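Peer 1: This is the structure, below, for whatever I ask next.
The values are calculated or read from the model by the stated rules, or taken from the named source; none is laboratory data. None of these values were measured; they are calculated from a predicted model. Positions of Cβ are backbone-derived with ideal geometry, glycine not excepted, and every protein chain shown enters the neighbour counts. The area values use the complete protein model at the heavy-atom level, side chains included, leaving out ligands, DNA and RNA. Shrake-Rupley method; radii C 1.70, N 1.55, O 1.52, S 1.80 Å.
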Amino acid sequence: MEKESIYDKYEAVIGLEVHAQLMTESKMYCSDSTEFGLAPNTNVSPISLGHPGTLPTFNTRAMEFGVKIGLACGCSIRHENQFARKNYFYADLPKGYQITQDKTPICTGGHIMIKDDAGNPKKVGLTRIHMEEDSGKSNHDMDPFKTLIDLNRAGVPLLEIVSEPDLRTPQEAYNYLTEVRQLVRYLEICDGNMEEGSMRCDANVSVRLKGSKEFGQRTETKNLNSIRNVFRAISYEIKRQIDAIEAGETITQQTMNFDAVSGKTSVMRSKEMAHDYRYFPEPDLQAVYIEQGYIEDVRNMLPKLPAELIQKYTQELSLSTYDAELITEDKAIALYYEEIIKHTKNYKSAANWLMGSIKSYLNENAIIINQFPIKPEKIAGLIDLIDSGKINNSIGAQKVFPTMLSNPEQTAEEIAKTNNWIQDSDSSSIEGYIAAAISKYPEKVVAYKDGNKNLLGLFMGEVMKLSQGKADPKLTSQLLKTELEK
Amino acid sequence: MSIDKSTVERIAELSKLKFEPSEQAEILNDMNRMLDFVEKLSEVDTEGVEPLIYLLDEKPSVRLDKVEQTTTQAEALKNAPDADTDYIKVPKVMKGR
């Protein structure tokens with residue numbers, strides 16, 4: 001316990017840099033394809049190979065994506081976008097510099113809403129978002145004597161999203177990344193897949209005594225390839241820094257590497273070895289001007305974002321926050337829900353079907369919603385069929401829904417009719433079943449009359465059995481009670 | 001403005017280059033001469049003059065997001081000093097790997 005109190009004296013200050021690989025067809029500064037998984041060095045050209053005498057041309061789609069995320073986060077969008085050279089030597093950067101934005105990032109300010117550790121909303125400020133290009137890939141393991149270079153990725157467009165040091169715990173960092181990933185997926189600018197490297201994260205971490213206004217010396221941990229690993233690396237780094245300070249050491253400016261197997265960070269570069277990028281304006285690429293009219297056009301194209309949808313679902317459709325968050329977690333699911341509720345007014349039931357039977361079917365078959373056989377309007381039809389009293393819930397879930405899966409062209413009503421599942425709401429036929437049920441269990445009738453009201457379920461079950469599940473349960477229960485209490 | 005030996009060493013390190021001491025002296029001399037040459041520009045009074053980044057007053061070179069693949073893998077690898085059928089080969093850049 002004493003050990004724990006030491007850690008409790010400190011708080012962490014965390015800022016994240018996220019690189020989002022953009023879902024453009026072609027590269028940032030040339031027309032090479034960005035297609036993933038091709039043979040090495042096939043998506044290349046004299047520009048991406050860094051040949052002398054070549055000139056970059058700017059992909060306007062990357063600008064559109066930058067404006068999109070900027071507007072979604074409430075950033076101010078810069079009109080005059082200059083580019084700069086960031087110089088460093090590495091074999092997978094053939095030009096010897098990366099064309100990036102230094103002093104004029106496309107977006108500044110803005111924020112992303114996250115949940116803190118207690119689940120309360122928290123605003124995380126954004127410092128900047130800028131456009132740049134990816135490097136190629138180096139392979140150090142395939143050849144014992146050489147490093148092998150694949151330049152397919154060299155020049156693929158990136159947006160770097162830099163947060164303010166507003167995060168305080170590994171969980172907040174985790175939540176922030178989850179939000180960023182959801183946002184880029186909703187905007188359809190990046191697939192957000194950290195394991196495949198299309199979204200990458202570097203974490204700046206420092207610690208300070210609680211209540212202190214000064215920042216401690218920070219370290220930067222690189223190459224974190226899952227949200228879970230960002231959480232683990234930050235947790236380790238916080239503890240390591242506190243232990244070092246408590247042992248009388250000083251934290252120095254270091255670049256750390258995270259080992260996912262051991263869960264530990266280790267020094268990759270010290271301050272003395274730090275890069276000096278010698279930024280200067282890129283003279284080969286004129287500044288790109290973004291007109292206000294263009295920004296407004298992009299604003300009008302923006303899809304509904306999770307926060308807006310959650311507000312709509314909880315306030316207009318009276319769903320619980322839990323349901324609303326569950327539905328909006330995945331954009332495709334949210335779009336499916338939007339389609340169902342165009343055709344039915346029973347929003348709660350639509351949410352239950354989607355997050356219940358449909359989600360289980362997707363999980364069991366390991367498919368995504370776009371591969372789900374039943375169209376949303378047919379699900380709405382099923383909901384309305386139940387609400388109209390023509391079939392009951394259990395017939396809907398256990399008979400009609402499974403039949404719809406194999407006959408997606410048919411409506412719920414057609415299926416229910418063909419299979420003779422339409423509910424029996426005719427009191428005279430239900431009374432017949434009731435009479436049969438009662439005469440079958442005379443001693444239970446006595447017990448019921450003596451006060452064992454739980455026996456109603458037994459009679460209900462019997463009537464359902466006799467009617468092959470078609471008896472209207474509400475009517476049956478009413479009639480049964482009247483009959484038993486005679 | 002003149003630079004010293006440590007600056008040359010720093011730049012060599014950033015460029016991942018190694019020099020013999022005799023070469024280093026020569027490079028120091030050359031770099032100082034280059035700086036002296038460029039230093040000439042500072043004789044001009046540029047007070048209040050906007051920095052000039054682009055030499056030509058052209059429209060920015062922008063394009064739509066369309067793929068045009070003009071180079072083949074074989075062509076790309078032909079210019080590399082060392083390559084196999086798929087990859088460009090360079091000296092090991094990571095120690096101990």
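Peer 1: Can A:ASP297 be described as closer than 19 Å to A:ALA72 by Cβ and either open to solvent by 80 Å² or more (accessible area, probe 1.4 Å) or touching a Cys at 6+ places or on another chain (Cβ under 8 Å) (or both)?
Peer 2: Yes; evaluated as a whole, the condition is true for this residue.
Peer 1: Next question. Within the range A:102-122, count every residue that is open to solvent by less than 70 Å² (accessible area, probe 1.4 Å), out of contact with any Leu (no Cβ under 9 Å at 6 or more places or on another chain) and not charged (D, E, K, R).
Peer 2: Number satisfying all stated conditions: 3.
Peer 1: Got a sec? Which of A:GLU296, A:GLU316, A:GLU329 is under 21 Å from the mean Cα position of the chain (by Cα) and acidic (Asp, Glu)?
Peer 2: A:GLU329
Peer 1: Mind telling me which of the residues A:GLU272, A:GLU246, A:GLU196, A:GLU188 ends up being in the same structural domain as A:GLY70 (by TED's automatic domain parsing), open to solvent by 40 Å² or more (accessible area, probe 1.4 Å), within 24 Å of A:LYS9 (Cα to Cα) and charged (D, E, K, R)?
Peer 2: A:GLU246
Peer 1: Please give the number of the condition A:THR219 fails out of (1) open to solvent by less than 20 Å² (accessible area, probe 1.4 Å); (2) in contact (Cβ under 8 Å) with a residue 60 or more places away in the chain; (3) not acidic (Asp, Glu).
Peer 2: If we test A:THR219 against (1) open to solvent by less than 20 Å² (accessible area, probe 1.4 Å); (2) in contact (Cβ under 8 Å) with a residue 60 or more places away in the chain; (3) not acidic (Asp, Glu), just (2) comes out false.
Peer 1: Moving on. Looking for whichever is over 20 Å from A:LYS474 (Cα atoms) and either touching a strand residue (DSSP E or B) at 6+ places or on another chain (Cβ under 6 Å) or among the hydroxyl-bearing types (Ser, Thr, Tyr) (or both) here; the options are A:SER388, A:SER425, A:SER439. Which one fits?
Peer 2: Going through A:SER388, A:SER425, A:SER439 in turn, just one is over 20 Å from A:LYS474 (Cα atoms) and either touching a strand residue (DSSP E or B) at 6+ places or on another chain (Cβ under 6 Å) or among the hydroxyl-bearing types (Ser, Thr, Tyr) (or both): A:SER439.
Peer 1: Considering A:ALA397, A:ALA437, A:ALA412, which residue is surrounded by 14 or more Cβ atoms within 10 Å (Cβ to Cβ) and not assigned by TED's automatic domain parsing to the domain that holds A:LYS345?
Peer 2: The match here is A:ALA437.
Peer 1: Quick one: which of A:ILE251, A:ILE242, A:ILE234 is part of a loop (DSSP other than H, G, I, E, B) and of a type in the set (A, V, I, L, M)?
Peer 2: Within the list A:ILE251, A:ILE242, A:ILE234, the selection yields A:ILE251.
Peer 1: For the subset of the range A:334-358 comprising residues that are over 15 Å from A:ALA324 (Cβ atoms), of a type in the set (D, E, K, R) and assigned to a helix (DSSP H, G or I), which member is nearest to the chain's Cα centre (by Cα)?
Peer 2: In this case the residue turns out to be A:GLU339.
Peer 1: I need every pair where a residue in the range B:74-86 that is facing chain A (nearest Cβ under 8 Å) has its Cβ under 8 Å from the Cβ of a residue that is open to solvent by 100 Å² or more (accessible area, probe 1.4 Å) and assigned to a loop (DSSP other than H, G, I, E, B), sequence separation at least 6 or different chains.
Peer 2: Pairs found: B:LEU77/B:THR85.
Peer 1: When you go through (1) of a type in the set (D, E, K, R); (2) in contact (Cβ under 8 Å) with a residue 12 or more places away in the chain; (3) open to solvent by 60 Å² or more (accessible area, probe 1.4 Å) one by one for A:ASP424, which number turns out not to apply?
Peer 2: Of everything listed in (1) of a type in the set (D, E, K, R); (2) in contact (Cβ under 8 Å) with a residue 12 or more places away in the chain; (3) open to solvent by 60 Å² or more (accessible area, probe 1.4 Å), A:ASP424 misses just condition (3).
Peer 1: Considering each of A:LYS348, A:LYS312 in turn, give the residue that is over 25 Å from A:ASP191 (Cα atoms), open to solvent by 90 Å² or more (accessible area, probe 1.4 Å) and outside the structural domain of A:ALA244 (by TED's automatic domain parsing).
Peer 2: Checking each option against the conditions leaves just A:LYS348.
Peer 1: While we're here: For the range A:394-462, list the helices (runs of 4 or more DSSP H) that sit wholly inside it and hold at least 1 residues that are under 30 Å from A:TRP353 (Cβ atoms); which are they?
Peer 2: The qualifying helices (runs of 4 or more DSSP H) are A:401-406, A:412-418, A:427-440.
Peer 1: Just give me the residues in the range B:43-68 being open to solvent by less than 80 Å² (accessible area, probe 1.4 Å) and over 22 Å from the mean Cα position of the chain (by Cα), in sequence order.
Peer 2: Within the range B:43-68, B:PRO60, B:SER61, B:VAL62, B:ARG63, B:ASP65, B:VAL67 qualify.
Peer 1: Another question about this same structure. Could you go through the range A:289-309 and let me know if any residue there is within 14 Å of chain B (Cβ to nearest Cβ), over 21 Å from A:LEU382 (Cβ atoms) and among the charged types (D, E, K, R).
Peer 2: yes
Peer 1: Next question. Within the range B:14-72, track down each residue that is within 8 Å of another protein chain (Cβ to nearest Cβ), of a type in the set (Lys, Arg) and part of a loop (DSSP other than H, G, I, E, B).
Peer 2: B:LYS16, B:LYS59, B:LYS66 - these are the residues of the range B:14-72 that are within 8 Å of another protein chain (Cβ to nearest Cβ), of a type in the set (Lys, Arg) and part of a loop (DSSP other than H, G, I, E, B).
Peer 1: I've got another one for you. Please tell me if A:SER26 is among the small types (Gly, Ala, Ser) and either in contact with a strand residue (DSSP E or B) (Cβ under 7 Å, 6 or more places away or on another chain) or free of Cβ contacts under 8 Å to residues at least 60 places away in the same chain (or both).
Peer 2: yes
Peer 1: Just checking, does the range A:81-101 include any residue being free of Cβ contacts under 8 Å to residues at least 12 places away in the same chain, open to solvent by 50 Å² or more (accessible area, probe 1.4 Å) and within 14 Å of another protein chain (Cβ to nearest Cβ)?
Peer 2: Yes - at least one qualifying residue is present in the range A:81-101.
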